[in-house]
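S.K.: Structure provided below as C-alpha cells; questions to follow.
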Amino acid sequence: MSVTHAAAPPRARREGRKALLWMSPWLIGFAVFFVYPLVATAYFSFHRYDLFTLEFTGLDNYRYFFHDDRAWISIKNTLWLVVFMVPAQVLFGLAVAQLLTRLKAGAGFFRTVFYLPSLVPLVAGTVSFVFLMNPSGPLNQIIEFFGIAAPDWFGDKDWAKPGLTLLAMWGIGNTMMIFLAALLDVPKHLYEAAAIDGASGWRQFRSITLPMISPVLMFSTVTGVIYALQYFTQAMIASRVAAGVTDSPGSSFVPGYPEMSTLTLPQWLFHAGFRDFSMGYACVLALLLFAASMIFTLVLLRQFRAFTDDEGGNR
Amino acid sequence: MTTTLATRPPAAAAPARRTGTRGGRVRRTLYWIATHALAVALSLMFIGPLVFVALTALMTDDQALTGELWPDSWNWGNFAEVFARSHLLGWLGNTFMYAGLGTLFMLLSSVPVAYAMARFRFRGRKLAFLAVITMMMLPPQVIAVPVYLIWARFELTGTLWPLILPMLLGDAFSIFLLRQFLITIPREYTEAARVDGCSDFWTLIRVILPMARPAIAAVALFQFFYCWNDYYGPLLYAQINEENWTLSLGLASFRALHSVQWNLTMAATLLVMAPVIIVFFFAQRVFIEGVTLTGVKG
C-alpha cells in the first residue's frame with residue numbers, strides 16, 4: 001500500500017491522461033449533445049426561427065409565453081402528473097413489492113407476472129388501454145356489472161389523466177423490482193427483535209422498513225418526478241387514438257384531446273417546435289423544462305455524491 | 001389473548017411467529033390465504049389487459065365494437081390481414097435496424113467509458129460520474145431543437161440515423177449502470193493483471209468483460225428494448241418519411257388509418273408486443289438483476 005502511495009503523483013497524472021483518452025467518446029458526446037444544445041437553446045430563445053430565417057427578437061418569446069394559455073395548461077397538467085401519478089406509482093410499487101416479500105409460495109411466478117407489463121412497448125400498452133377503457137370496453141363492462149356508472153376515461157377531460165395514471169400503475173415493474181431488492185436487504189433480525197418486543201406489522205413497517213429503505217424511496221420518487229416531467233408518449237398516443245387522428249408535420253391536430261386535458265409541457269414544446277415551427281419559442285419552453293428537471297436532478301446528485309464518497313472514491 | 005390476535009385483519013398481522021398454539025396456526029393459515037389471494041387478484045389485474053387485447057384481436061370487427069368479452073368466432077385471419085394492410089414487415093425491419101445497431105454501437109462506446117470511470121484514478125472522476133447522471137436525467141425534449149438542426153445540416157432527418165449514430169458516443173444510462181457494476185469488482189483482479197504485464201485494453205477484454213457479463217447483458221437488453229419501444233425519437237426524425245417508420249410509429253397511426261377496426265388494431269398491438277414478451281421469458285434473470293443495479297446502492 002505504501003508503494004502505491006509513493007508512486008501516486010506521476011501515476012495519477014498518467015492515469016488522468018489515460019482516462020481522458022478512454023472517455024473521449026463520451027466527452028465528445030457530452031459536448032455535442034448536452035453542452036452545445038443547452039447553449040444553443042438559450043441563444044435561440046431570443047430569436048424567431050422557423051428553420052429558414054433567424055431573426056433576433058429579444059424577449060418576445062418570453063413575453064409570448066406569459067400570454068400562451070396552452071403553455072400554462074400544459075404546465076398544470078404536468079404538475080398534476082407529478083402530484084398524483086408519481087405518488088400513485090411509488091406507493092403502489094412499494095405495496096406490491098411488500099406483498100411479494102410475504103408470499104411463501106410462487107413468489108417468483110408472481111414477480112414475473114407483476115413485472116411483465118412494464119416491458120410492453122409504450123405505444124402498444126397505451127393503444128390497448130384506450131381500447132380497454134373505451135365507453136363500451138371491457139373495463140367499463142366490469143365496472144357497470146357492479147352497478148357503478150363508469151366514466152368515459154380518455155374521452156372525458158376529467159378522467160383522461162386518472163386513466164393515464166392507471167396505465168402508469170400497470171407498468172410498475174421497475175419501481176417494484178427496486179423496492180423488492182431494498183426490502184430483501186433489510187436484516188431479518190431487526191424484525192425478529194421487534195416481533196419479540198410485540199411490535200405490530202404496521203409499527204414494524206414504520207420503525208424498521210421505512211427508515212431502512214428511505215434512500216431507495218427517495219431515489220424512486222425523484223426519478224419518478226423527472227420522468228413525469230418528460231411524460232410524452234402515453235399522453236400523445238392516448239389523445240391521438242381516442243380522437244382518431246393521425247399526426248404529421250403541418251397537420252393541425254393539437255395534442256391534448258379531450259379539451260387539452262392530456263397536453264403536457266414536453267408535448268406542447270414538441271408541437272411548438274416541430275409542428276408550428278416556432279423553434280425560438282419552443283426553446284423558451286425547453287429552458288423551463290430544463291430548469292424544472294434540473295432541480296430534481298440536483299437532489300439526486302446529492303444523494304449519489306454521498307454514496308460515491310465511500311464506494312466510488314479513490315480507494 | 002389468542003382470540004384477539006386471530007380476529008385481527010390478516011394484513012395487519014405480524015409475520016407469522018412459531019407459537020405452536022392452534023390459534024397461531026390458524027392465524028398463519030389465514031395470513032397465507034389472504035396474501036396469496038391478494039397476489040392472485042393482482043395478477044389478474046396485470047395480465048387481464050393483455051388477455052382482453054388477445055381476445056379482441058380474434059373477433060370480427062362488428063363484435064369488437066360491442067364490448068363483448070369472448071369471441072363468437074375465432075378469426076385467426078385478422079393477423080394475416082394486419083400484414084396485408086400495413087407495412088408491418090417494413091416497420092419490423094426498421095425497428096430491428098434501430099435497436100440492433102443502436103445496441104451494438106452503445107456497447108462499443110459505453111463499456112470502455114464505464115471501465116475508465118470505475119477503474120482509473122484521476123481528478124474529476126466523481127465530477128464525470130455526476131455529469132453522466134445529469135445527462136441521463138435530461139428530458140430529451142430540452143435539447144430537441146438544436147440537435148434536430150445538427151442532423152438537418154447533415155440531411156439525415158427523415159431517417160433513423162440521428163437516433164443510431166449518437167450511440168457511438170456513449171449512452172449515459174448504460175455508462176451509469178455499467179459503472180455501478182464495475183466498481184464492485186475488487187481491484188485485486190485488475191492489479192494482478194497489471195502485474196502480469198497486461199495492458200489496460202487486454203485487462204478489459206480478458207479480465208473485466210468475462211466478469212461483467214451479467215451487467216453487459218443487462219444494458220444490452222435495456223438498450224435494445226428502449227430502442228424497440230421508443231416512440232419520441234422516431235416521431236421526431238422519421239415521421240415525415242413513411243419508409244423509415246418503426247413499429248411504434250406504425251402502430252400509433254394504425255387505428256386512425258383503419259378507422260374504428262378495433263380487432264385489427266388489437267391484432268397489430270399484439271404482434272408488436274409479442275417479441276418483447278417472448279424475449280422477456282427467455283432473459284428474465286438478466287432483466288431482474290439489471291433493474292436491481294439501477295437502485296442507489298453505491
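The values are calculated or read from the model by the stated rules, or taken from the named source; none is laboratory data. From a predicted model like this one, the values you see are computed outputs, not experimental measurements. No Cβ is skipped: glycine too gets one built from the backbone with ideal geometry, and neighbour counts run over all protein chains shown.
S.K.: If you check A:Thr101 against the conditions, is it part of a helix (DSSP H, G or I), in contact (Cβ under 8 Å) with a residue 12 or more places away in the chain, within 10 Å of chain B (Cβ to nearest Cβ) and closer than 29 Å to A:Ile237 by Cβ?
M.R.: No: the conditions fail for A:Thr101.
S.K.: Related question: Give the number of residues within the range B:154-179 that are farther than 22 Å from B:Ala99 by Cβ and within 11 Å of chain A (Cβ to nearest Cβ).
M.R.: Residues meeting the conditions: 1.
S.K.: Consider A:Leu300 against the criteria (1) more than 8 Å from chain B (Cβ to nearest Cβ); (2) assigned to a helix (DSSP H, G or I); (3) at pLDDT below 90; (4) under 30 Å from A:Gly16 (Cα atoms): it satisfies all of them except one. Which criterion is unmet?
M.R.: (1)
S.K.: Could you check the range A:149-181 and list, in sequence order, the residues that are away from chain B (no Cβ under 14 Å) and at pLDDT below 90?
M.R.: Listed by number, the list holds a single entry, A:Ala149.
Residue-by-condition table, conditions (1) touching a Gly at 6+ places or on another chain (Cβ under 8 Å); (2) within 25 Å of A:Pro138 (Cα to Cα); (3) touching a residue at least 24 places away in the same chain (Cβ under 8 Å):
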position	(1), (2), (3)
B:Gly24	no, no, no
B:Ala34	no, no, yes
B:Ala41	no, yes, no
B:Met59	no, yes, yes
B:Asp62	no, yes, no
B:Gly67	yes, yes, no
B:Glu81	no, yes, yes
B:Arg85	no, no, yes
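S.K.: Here are some residues: A:Leu164, A:Leu190. Which one is assigned by TED's automatic domain parsing to the domain that holds A:Val284, crowded, with 20+ Cβ neighbours inside 10 Å and in a helix (DSSP H, G or I)?
M.R.: After applying the criteria, what remains is A:Leu164.
S.K.: I've got another one for you. Only one residue in A:Ser136, A:Ser128 is farther than 29 Å from A:Phe205 by Cβ, at the interface with chain B (Cβ under 7 Å from one of its Cβ atoms) and surrounded by fewer than 18 Cβ atoms within 10 Å (Cβ to Cβ). Which one?
M.R.: A:Ser136
S.K.: Given A:Ser220, A:Ser207, which one is under 30 Å from A:Ala291 (Cα atoms), assigned to a helix (DSSP H, G or I) and among the hydroxyl-bearing types (Ser, Thr, Tyr)?
M.R.: That would be A:Ser220, the only listed residue that is under 30 Å from A:Ala291 (Cα atoms), assigned to a helix (DSSP H, G or I) and among the hydroxyl-bearing types (Ser, Thr, Tyr).
S.K.: Looking only at the range A:189-204, count how many residues are out of contact with any Phe, Trp or Tyr (no Cβ under 9 Å at 6 or more places or on another chain) and either closer than 18 Å to A:Pro87 by Cα or free of Cβ contacts under 8 Å to residues at least 12 places away in the same chain (or both).
M.R.: 11
S.K.: Please work out if B:Thr184 is under 29 Å from A:Leu298 (Cα atoms), in the same structural domain as B:Gly100 (by TED's automatic domain parsing) and under 28 Å from the mean Cα position of the chain (by Cα).
M.R.: Taking the combined requirement at face value, the residue satisfies it.
S.K.: For the structure I just gave you, tell me whether A:Leu119 is at pLDDT below 95, at the interface with chain B (Cβ under 8 Å from one of its Cβ atoms) and farther than 23 Å from A:Asp158 by Cα.
M.R.: The answer is yes for A:Leu119.
S.K.: Follow-up. Kindly list the number of the only condition in (1) outside the structural domain of A:Thr264 (by TED's automatic domain parsing); (2) farther than 11 Å from A:Met279 by Cα; (3) modelled with pLDDT under 95 that fails for A:Leu51.
M.R.: Checking A:Leu51 against (1) outside the structural domain of A:Thr264 (by TED's automatic domain parsing); (2) farther than 11 Å from A:Met279 by Cα; (3) modelled with pLDDT under 95, the one that fails is (2).
S.K.: Looking only at the range A:223-240, which residues are facing chain B (nearest Cβ under 7 Å), free of Cβ contacts under 8 Å to residues at least 40 places away in the same chain and part of a helix (DSSP H, G or I)?
M.R.: Of everything in the range A:223-240, just one residue is facing chain B (nearest Cβ under 7 Å), free of Cβ contacts under 8 Å to residues at least 40 places away in the same chain and part of a helix (DSSP H, G or I), namely A:Arg240.
S.K.: From the list B:Ala128, B:Ala118, B:Ala144, which one is closer than 22 Å to B:Ser253 by Cβ and either of a type in the set (A, V, I, L, M) or over 27 Å from the mean Cα position of the chain (by Cα) (or both)?
M.R.: The conditions single out B:Ala144.
S.K.: Quick one: in the range B:63-111, of everything that is within 30 Å of the chain's Cα centre (by Cα) and in a loop (DSSP other than H, G, I, E, B), which residue is farthest from the other protein chains (Cβ to nearest Cβ)?
M.R.: B:Trp76
S.K.: Being more than 10 Å from chain A (Cβ to nearest Cβ) and either modelled with pLDDT under 90 or surrounded by fewer than 21 Cβ atoms within 10 Å (Cβ to Cβ) (or both) is the filter here, so list the residues in the range B:265-289 that pass it.
M.R.: B:Ile278, B:Phe282, B:Ala283, B:Arg285, B:Val286
S.K.: Moving on to the next point. Of all residues in the range A:17-67, which are more than 11 Å from chain B (Cβ to nearest Cβ), farther than 17 Å from A:Leu269 by Cα, among the hydrophobic types (A, V, I, L, M, F, W, C) and in contact with a strand residue (DSSP E or B) (Cβ under 8 Å, 6 or more places away or on another chain)?
M.R.: A:Phe56
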